[in-house]
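A.B. asks: Please find one structure pasted underneath; my questions will follow.
The values are calculated or read from the model by the stated rules, or taken from the named source; none is laboratory data. Values in this document were obtained by computation on a predicted structure and should not be read as measured data. Note: ideal-geometry Cβ built from the backbone for every residue, glycine included; neighbour counts use all protein chains shown. Accessible surface areas use protein heavy atoms only, side chains included; no ligands, DNA or RNA. Shrake-Rupley method; radii C 1.70, N 1.55, O 1.52, S 1.80 Å.
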Amino acid sequence: MQLPLYQIDAFTDQLFGGNPACVVPLAAWPDDELLLKIAKENAVSETAYFVPNGKQFELRWFTPDIEMDLCGHATLASAHALKTILNYAEDTIVFTSRSGILQVRVEKDLYTLDFPSRKPVPAPLPEIIAQSLSQQPRAVLKARDYVLVYDHEQEVRNIRINRQLLNQINLDPGGVIITAKGDDCDFVSRFFTSQASIFEDPVTGSAHCSLIPYWSEQLGKKEMNALQVSERLGKLYCVDAGERVFISGRARTYATGTLWTE
C-alpha cells in the first residue's frame with residue numbers, strides 16, 4: 001500500500017524552525033498498529049492522520065510511542081497540507097478528534113486553531129519531577145500537563161532537566177511545561193515529556209490550552225504573543241476566549257513524498 005506523506009514545519013515562517021510534523025491523508029482507518037509503526041518510522045514528535053467524513057475530517061495524532069489526545073502543531077500542519085497541497089477550498093476546516101470538534105480558520109498564510117481551554121489549578125509537584133530540575137519553580141499548577149512557573153525568561157531558557165530522573169515518572173499523555181513572562185513577548189515556555197522518544201518538544205500547541213488561560217489571568221489581557229524557546233523556536237499568537245482558546249501560527253512545507261507499508 002502506498003500513502004502520501006507530507007512533512008511540515010509548524011508554528012514558524014521559516015524552514016527548519018518550529019515543530020516538524022508528518023501528515024498522512026487516508027481514505028479509511030487501518031489498524032492502530034500500522035499507524036504507530038509509521039509514526040515510529042517518521043521519528044518526529046507527532047504524525048497526524050486524517051480521514052474525510054462528509055464535510056469534516058476525522059483526525060488522530062501519534063507520537064513514536066503513543067496516541068495523543070490533542071496536538072496543536074500537527075493539527076496546524078494538517079490544515080496547511082489540506083490548503084496548500086490538497087487544494088481544499090474552504091477557509092474553515094473542521095476536524096473531529098478525541099478532544100471533540102476542532103476548527104482551523106485560514107486567513108492567507110495564518111492558521112488559527114480553535115481548541116478547548118484547559119485552565120491549570122495549583123497542584124503539588126511530584127518529588128521525582130522536583131529532583132529532576134536544576135532550579136525549582138515559584139508556582140506549580142496542573143491540567144493535563146504540569147505547569148511550572150518561573151520569574152524570568154532566562155530561567156526557562158537555562159533550565160536543565162535530568163532526563164534519567166524524570167523518566168522514572170509516567171505522565172502519559174501529559175508532560176511538563178516550563179514557563180515565565182517573556183522579555184520581548186507576553187510569555188515563553190518549553191515542554192518536556194518523560195519516557196518519550198523525543199524528550200523536548202520544539203513547539204507544543206496543546207500546552208497553550210493551559211498556558212493561555214493562566215497568562216491571560218496573570219497579565220490581565222486576552223490577546224498575547226508567545227514564544228516556545230526551544231532550539232528550533234516557535235511563534236504563537238494567542239487569544240483567551242473563555243471555554244476556548246485560539247492559537248494562531250504559520251507553517252512551511254519541508255517535504256512531500258510517498259510511504260510504502262508493504
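A.B. asks: Kindly indicate the residue of the stretch 75-108 that is in contact with a Phe, Trp or Tyr (Cβ under 7 Å, 6 or more places away or on another chain) and not in a strand (DSSP E or B) and also farthest from Ala48 (Cα to Cα) among those meeting that condition.
C.D. replies: Selected residue: Ile85.
A.B. asks: Name the pairs whose Cβ atoms lie under 7 Å apart, with the first residue in the stretch 115-126 and at pLDDT 95 or above, the second loosely packed, with under 12 Cβ neighbours inside 10 Å, and 6 or more positions between them or separate chains?
C.D. replies: Taking only residues 6 or more apart or on different chains, the pairs are Pro116/Gly100; Ser117/Gly242; Ser117/Glu243.
A.B. asks: Continuing with the same structure: Which numbered condition in (1) in contact with a Lys or Arg (Cβ under 8 Å, 6 or more places away or on another chain); (2) of a type in the set (S, T, N, Q); (3) surrounded by fewer than 16 Cβ atoms within 10 Å (Cβ to Cβ) is the only one that Ser117 fails?
C.D. replies: Ser117 satisfies all of (1) in contact with a Lys or Arg (Cβ under 8 Å, 6 or more places away or on another chain); (2) of a type in the set (S, T, N, Q); (3) surrounded by fewer than 16 Cβ atoms within 10 Å (Cβ to Cβ) except (3).
A.B. asks: Right, next: Which ones in the stretch 24-44 are open to solvent by less than 70 Å² (accessible area, probe 1.4 Å) and either at pLDDT below 95 or not in a loop (DSSP other than H, G, I, E, B) (or both)?
C.D. replies: Of everything in the stretch 24-44, those that are open to solvent by less than 70 Å² (accessible area, probe 1.4 Å) and either at pLDDT below 95 or not in a loop (DSSP other than H, G, I, E, B) (or both) turn out to be Val24, Pro25, Leu34, Leu35, Leu36, Ile38, Ala39, Asn42.
A.B. asks: Same structure again: Would you point out the residue of the stretch 178-216, among those that are touching a residue at least 60 places away in the same chain (Cβ under 8 Å) and over 15 Å from the mean Cα position of the chain (by Cα), that is nearest to Ser134 (Cα to Cα)?
C.D. replies: Step by step, filter the stretch 178-216, then rank; the result is Gln195.
A.B. asks: Still on this structure, I have one more. Based on this model, can you work out whether Ala143 counts as more than 25 Å from Arg250 (Cα to Cα), touching a Cys at 6+ places or on another chain (Cβ under 9 Å) and of a type in the set (A, V, I, L, M)? Outline the logic, then answer.
C.D. replies: Values: more than 25 Å from Arg250 (Cα to Cα): yes; touching a Cys at 6+ places or on another chain (Cβ under 9 Å): yes; of a type in the set (A, V, I, L, M): yes.
Criteria met by Ala143.
A.B. asks: So, Val156, is that one part of a strand (DSSP E or B), closer than 22 Å to Cys209 by Cβ and either in contact (Cβ under 8 Å) with a residue 12 or more places away in the chain or under 21 Å from the mean Cα position of the chain (by Cα) (or both) or not?
C.D. replies: No: the conditions fail for Val156.
A.B. asks: Here's a follow-up. May I ask you to say which residue of Phe191, Phe187 is in contact with a Pro (Cβ under 9 Å, 6 or more places away or on another chain) and within 17 Å of Val156 (Cβ to Cβ)? I'd like the intermediate steps shown before the answer.
C.D. replies: Working: Phe187 fails: in contact with a Pro (Cβ under 9 Å, 6 or more places away or on another chain).
Only one candidate passes the filter, namely Phe191.
A.B. asks: Is it the case that some residue within the stretch 47-61 is open to solvent by 10 Å² or more (accessible area, probe 1.4 Å), in a loop (DSSP other than H, G, I, E, B) and touching a residue at least 60 places away in the same chain (Cβ under 8 Å)?
C.D. replies: Checking the stretch 47-61: not a single residue is open to solvent by 10 Å² or more (accessible area, probe 1.4 Å), in a loop (DSSP other than H, G, I, E, B) and touching a residue at least 60 places away in the same chain (Cβ under 8 Å).
A.B. asks: Do you know which residues across the stretch 119-145 are over 23 Å from the mean Cα position of the chain (by Cα) and not small (Gly, Ala, Ser)?
C.D. replies: Answer for the stretch 119-145, where residues must be over 23 Å from the mean Cα position of the chain (by Cα) and not small (Gly, Ala, Ser): Pro124, Pro126, Glu127, Ile128, Gln131, Gln135, Gln136, Arg138.
A.B. asks: Please determine, by comparing only the residues of the stretch 86-112 that are under 15 Å from Arg250 (Cα atoms) and out of contact with any helix residue (DSSP H, G or I) (no Cβ under 6 Å at 6 or more places or on another chain), which one is surrounded by the fewest Cβ atoms within 10 Å (Cβ to Cβ).
C.D. replies: Lys108
A.B. asks: Tell me the residue from Ile198, Ile169 that is open to solvent by 40 Å² or more (accessible area, probe 1.4 Å), in a loop (DSSP other than H, G, I, E, B) and of a type in the set (A, V, I, L, M, F, W, C), please.
C.D. replies: The unique qualifying residue is Ile198.
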